[in-house]
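Readers should treat all values here as calculations from the given coordinates under stated rules, not as data from a laboratory. Keep in mind the model is a prediction, meaning the values are calculated, not measured. Using ideal geometry, Cβ is built from the backbone for each residue, glycine included, and neighbour counts are taken over all protein chains shown.
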Amino acid sequence: MIITGNNQMIKYLCRQYISKGYHIIIIEKNPDKARVLSIETKGMVFLGDITEPAILREAGAQTTDILVCVTSNDTINYSACQTGKVLFGIPTVFALVNTPSNYETFRQTGITGVFNQSDLLLQEVIKTQDNDLMRNLHSYTNNLFQLVELRIKKGMPAYGLEIVALGLPREANIVNIIRNGKIEYPDRNYILTEGDRVILSVTPSALAESAHLILGSYA
């Protein structure tokens, strides 16, 4: 497995995967960071730019099975994954997307796993905080989509709006509203009010945007 990213992320991945028997190769272009990684991890560290084919070849990209790019720079992640997949035929490549608007570009190029930074953070919040405003109800078909409950409060963007006016992405759909203890099946002109519990069917890639449109700063 070849990985690149910030030092803390790399240290975490090394702990997780070396313990499972993986051979980890780290590529880092900053000499000081590379020195620290060589001391603090059990991975083999290569000094160089992961977007350069010569560096990937030196690190053994032609024989590796997995490439993981989790830097804070989308251009680096995209370029490295494309080089690894197209030039070296690495079968499994994973990329972190830091800017949500870049998500579809990454996904459409055939990268095996694309992780949106905002989505990951929001999903962690949902999983770890069972509060009155937002909670995960269920995930389906290997997390292809999930049901999330969002509670409306006065002052939120969705308060007083018709559902059609929310501007939700096409991957998100309000399937039910629980109002005053009763389940309702809203149409596009249904007006949301305080206390409504919105049951949202949504894909992971659209979760962060959808929650922000409904909850605003409460998300």
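At-a-glance table
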| read-out | value |
| --- | --- |
| Relative intensity, log₁₀ I(q)/I(0), of the chain from a Debye sum that treats every alpha carbon as a point, q = 0.12, 0.14, 0.17 Å⁻¹ | -0.72, -0.86, -1.07 |
| Table column - 3J(HN,Hα) (Hz), region 58-64, Karplus curve with 6.51, -1.76, 1.60, x for Gly and Pro | 4, 7, x, 4, 5, 10, 7 |
| Folded to 0 to 90 degrees: helix 204-215 orientation relative to the chain principal axis, Cα | 40 |
| Neighbour-count ranking [beta-carbon atoms within 10 angstrom, fewest first] of 205, 38, 210 | 38, 205, 210 |
| Sequence of 1, 44 once ranked by neighbouring C-beta atoms within 10 Å, starting from the fewest | 44, 1 |
| Summed residue charge, Cβ within 13 Å of residue 170's Cβ, Lys/Arg positive, Asp/Glu negative | -3 |
| Total formal charge among the other residues, if their Cβ is under 15 angstrom from that of residue 10, Lys/Arg +1 and Asp/Glu -1 | +3 |
| Phi-based couplings in Hz for region 101-106 (Karplus 6.51, -1.76, 1.60; Gly and Pro marked x) | 5, 8, 4, 5, 4, 5 |
| Antiparallel %, DSSP beta bridges [both residues in the chain], to 5 | 55 |
| Ranked list, fewest to most other Cβ atoms within 10 Å of each Cβ, for 20, 85 | 20, 85 |
| Gaussian network model of the chain, springs between alpha carbon atoms under 10 Å - residue of 110, 21, 43 with greatest fluctuation | 21 |
| Proximal lysines to residue 85, defined as alpha-carbon separation beneath 25 angstrom and excluding residues fewer than eight positions away on the same chain | 11, 20, 29 |
